[in-house]
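Have a look at the structure below, then the notes.
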Amino acid sequence: QVQLVESGGGLVQPGGSLRLSCAASGSTFSINFMAWYRQAPGVERELVARITSNGNTNYVDSVKGRFTISRDNAKNTVYLQMNSLKPEDPAVYYCYVTTGIVYWGKGTLVTVSS
C-alpha cells in the first residue's frame, strides 16, 4: 500500500505561481511512475505531467514551458512547479503513483482568479 499526501494548492492571480507537492509513504520502494492529473468541473481528468524513476518527463501540450514536474526519490515526493498560471488552469490536481498498482491522492484545489 502507498499513501499519498498532497499540498500546495490555493488561490493565485493569473500569471502567478504555485508549487504542488505529493509525499508518498508505505510501500514506496516499488514506485515507478509519478504524475499529476487535473480535473476541472464537467471535464474528464487529464494527465498534466508525469515523471519516471529515471527522471524522464512528459507534459500535456497546454502546460509545456510553464509547468515543471520533478521528484525527490529519497523523500518519495513529486513536485509540480506551476508558473504563468492561466485562467484555464484551475482544477483539482491529483497526485498519481503506480507500483503496478495505481494510487491516487485526494486532490488539491488550484484556483486562478484576479
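Structure notes:
- Residue within the range 70-78 that is open to solvent by 70 Å² or more (accessible area, probe 1.4 Å), of a type in the set (A, V, I, L, M) and over 10 Å from the mean Cα position of the chain (by Cα) present: yes
- Taken residue by residue, the range 42-65 has no member that is over 21 Å from Ile101 (Cα atoms), touching a Ser or Thr at 6+ places or on another chain (Cβ under 7 Å) and either touching a residue at least 12 places away in the same chain (Cβ under 8 Å) or open to solvent by less than 70 Å² (accessible area, probe 1.4 Å) (or both).
- The conditions of being open to solvent by 60 Å² or more (accessible area, probe 1.4 Å) and in a strand (DSSP E or B) are not met by Arg38.
- Answer residue from the range 7-17, given it is open to solvent by 30 Å² or more (accessible area, probe 1.4 Å) and in a strand (DSSP E or B) and is nearest to Ser30 (Cα to Cα) among those: Ser7
- In the range 82-114, the residue that is farthest from Glu6 (Cα to Cα) out of those that are open to solvent by 60 Å² or more (accessible area, probe 1.4 Å) and in a strand (DSSP E or B) is Val102.
- The one condition in (1) small (Gly, Ala, Ser); (2) open to solvent by less than 40 Å² (accessible area, probe 1.4 Å); (3) at positive phi that Ala24 fails to fulfil: (3)
- Residue in the range 15-22 that is modelled with pLDDT of 95 or more, over 13 Å from Asp89 (Cβ atoms) and not charged (D, E, K, R) present: yes
- Of all residue pairs spaced 6 or more apart or on separate chains, none has beta-carbon atoms under 6 Å together with a first member in the range 23-36 that is under 8 Å from Val78 (Cβ atoms) and without any contact (Cβ under 8 Å) to a residue 24 or more places away in the chain and a second member that is among the charged types (D, E, K, R) and in a helix (DSSP H, G or I).
The values are calculated or read from the model by the stated rules, or taken from the named source; none is laboratory data. Computed from a prediction, not measured in an experiment: that's the story for all the values here. With ideal geometry, Cβ positions are generated from the backbone for all residues, glycine too; neighbour counts draw on all protein chains shown. Keep in mind that these areas ignore ligands, DNA and RNA; they rest on the heavy atoms of the full protein, side chains included. Shrake-Rupley method; radii C 1.70, N 1.55, O 1.52, S 1.80 Å.
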